[in-house]
Amino acid sequence: MNVTVLQFPGTNCEYDTKYAFEKLACNVTILWHKEIKLPENTDLLVIPGGFSYGDYLRSGAIARFANIMDSVQEYAKNGGKVLGICNGFQILLEAGLLPGAMKRNASLNFISKYNHLKVINNDNCFLQKLNLGEVINIPVAHHDGNYYIDNDGLKQLEENNQILLKYCNKDGEIENLNGSVAQIAGICNKEKNIFGLMPHPERAIENLLGCDDGIKMLEGFLKL
Amino acid sequence: MKAIVNVALKQGVLDDQGKATHHALDTLGFKEIVKDVRIGKQIILELNSDNEKDAKTEVKNMCEKLLANTVIEDYSIEIIG
């Protein structure tokens, strides 16, 4: 499988993401934001974590206008599979590829720790290898992860099974982490080809790192 | 000519920064006088323009495209000649 990982000034998870997908025997290309075309053979496009353009103005707001983003919009609208992790999720929101917006964490603290997540929906290509209700342990590291959507938007997410992950405790009870509406940690679009999440699966791929639940999630992507 | 753009979270969207600051002001002894705190940002643009109306239209365009996230934020524009 061919994975393309975007790189903006300030991106800092591109090599972790490359390492994780190479561990799964994928061909990974890191693509600089000034390029105007995605590689033709891209099976999965990943917008990785970091602080694109220093998160100035708002997280993801400036990256949205990078040269490569026209090609990303076209790829996504033609059904191409897109994964946005952390800052990548913020960029997808700013680009209008996913609904809602990110606010500063309710605690106003940067949160960096392992946190449990509950699989809310798995009837999509991304989480097909995980069970409904399964609890996984994946690190989070963000300052602006407080997901906001209005009531009508939330209703639509629920009706279309677009909420894929929620923050929870180790027993799977849904728990607030950062103030997100309905404790949402990850969503997909209505067509289910674009997935954004705040936690970092690429940082939990070996037990040496504390947990390898991330690889369980990413493995599911191999059958996209 | 100058444009001053103020951007803040919409009424109805919980302003966590404002809430935390309100709490701190309470602790500092300003509890009686402060009813609510909202925090926004100010963006000051120096413009090459002498037409106030056109300038305002252009700045509005900038706000819609980049300066504000209209999903959660409101903005106001003041043009200073």
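The values are calculated or read from the model by the stated rules, or taken from the named source; none is laboratory data. Here the structure is a predicted model, which means the values were calculated and not measured. Heads up, the Cβs are rebuilt from the backbone with ideal geometry, glycines too, and the neighbour counts pull from every protein chain shown. Remember, those area values only see protein heavy atoms, side chains included, never the ligands or the DNA or RNA. Shrake-Rupley method; radii C 1.70, N 1.55, O 1.52, S 1.80 Å.
Restricting to segment B:26-78, name every residue that is β-branched (Val, Ile, Thr) and either more than 30 Å from A:PRO99 (Cβ to Cβ) or part of a loop (DSSP other than H, G, I, E, B) (or both). If the condition is that a residue be β-branched (Val, Ile, Thr) and either more than 30 Å from A:PRO99 (Cβ to Cβ) or part of a loop (DSSP other than H, G, I, E, B) (or both), then B:THR27, B:ILE33, B:VAL34, B:VAL37, B:ILE39, B:ILE44, B:THR70, B:VAL71, B:ILE72 are the ones that fit. Picking from residues in segment B:1-25 that are assigned to a helix (DSSP H, G or I) and not charged (D, E, K, R), the one that is most open to solvent (accessible area, probe 1.4 Å) is B:HIS23. Of the candidates B:GLU64, B:GLU32, the single residue that is more than 11 Å from chain A (Cβ to nearest Cβ) and within 16 Å of the chain's Cα centre (by Cα) is B:GLU64. Restricting the first member to segment A:44-62 and to residues that are under 21 Å from B:VAL71 (Cβ atoms) and within 12 Å of chain B (Cβ to nearest Cβ), and the second to residues that are small (Gly, Ala, Ser) and surrounded by fewer than 21 Cβ atoms within 10 Å (Cβ to Cβ), the beta-carbon pairs closer than 7 Å and six or more apart or on different chains are A:TYR53/A:GLY10. Among residues of segment A:91-101 being under 13 Å from the mean Cα position of the chain (by Cα) and open to solvent by 10 Å² or more (accessible area, probe 1.4 Å), the one that is nearest to the other protein chains (Cβ to nearest Cβ) is A:LEU93. Contact map, segment B:2-17: residues that are more than 8 Å from chain A (Cβ to nearest Cβ) and free of Cβ contacts under 8 Å to residues at least 60 places away in the same chain paired with residues that are open to solvent by less than 60 Å² (accessible area, probe 1.4 Å) and assigned to a strand (DSSP E or B), Cβ distance under 9 Å, separation 6+ or inter-chain. Pairs shown: B:ASP15/A:LYS103; B:ASP15/B:ALA8; B:ASP15/B:LEU9; B:ASP15/B:GLY40. Inside segment A:1-46, residues that are part of a helix (DSSP H, G or I), surrounded by 17 or more Cβ atoms within 10 Å (Cβ to Cβ) and hydroxyl-bearing (Ser, Thr, Tyr) make up a count of 1. Of the numbered criteria (1) closer than 23 Å to A:GLY60 by Cβ; (2) in contact (Cβ under 8 Å) with a residue 60 or more places away in the chain; (3) aliphatic (A, V, I, L, M); (4) more than 9 Å from chain A (Cβ to nearest Cβ), the one B:ILE77 fails is (1). For segment A:47-65, the set of residues classified as surrounded by fewer than 18 Cβ atoms within 10 Å (Cβ to Cβ) and of a type in the set (Ser, Thr, Tyr) consists of A:TYR56 only.
From the list A:ASN146, A:ASN105, A:ASN151, A:ASN178, pick out the single residue that is open to solvent by 60 Å² or more (accessible area, probe 1.4 Å) and within 14 Å of another protein chain (Cβ to nearest Cβ). Going through A:ASN146, A:ASN105, A:ASN151, A:ASN178 in turn, the sole match is A:ASN151.
Just to be sure before I move on: is B:THR21 of a type in the set (Ser, Thr, Tyr) and over 21 Å from A:ARG64 (Cα atoms) in the structure I sent? Yes.
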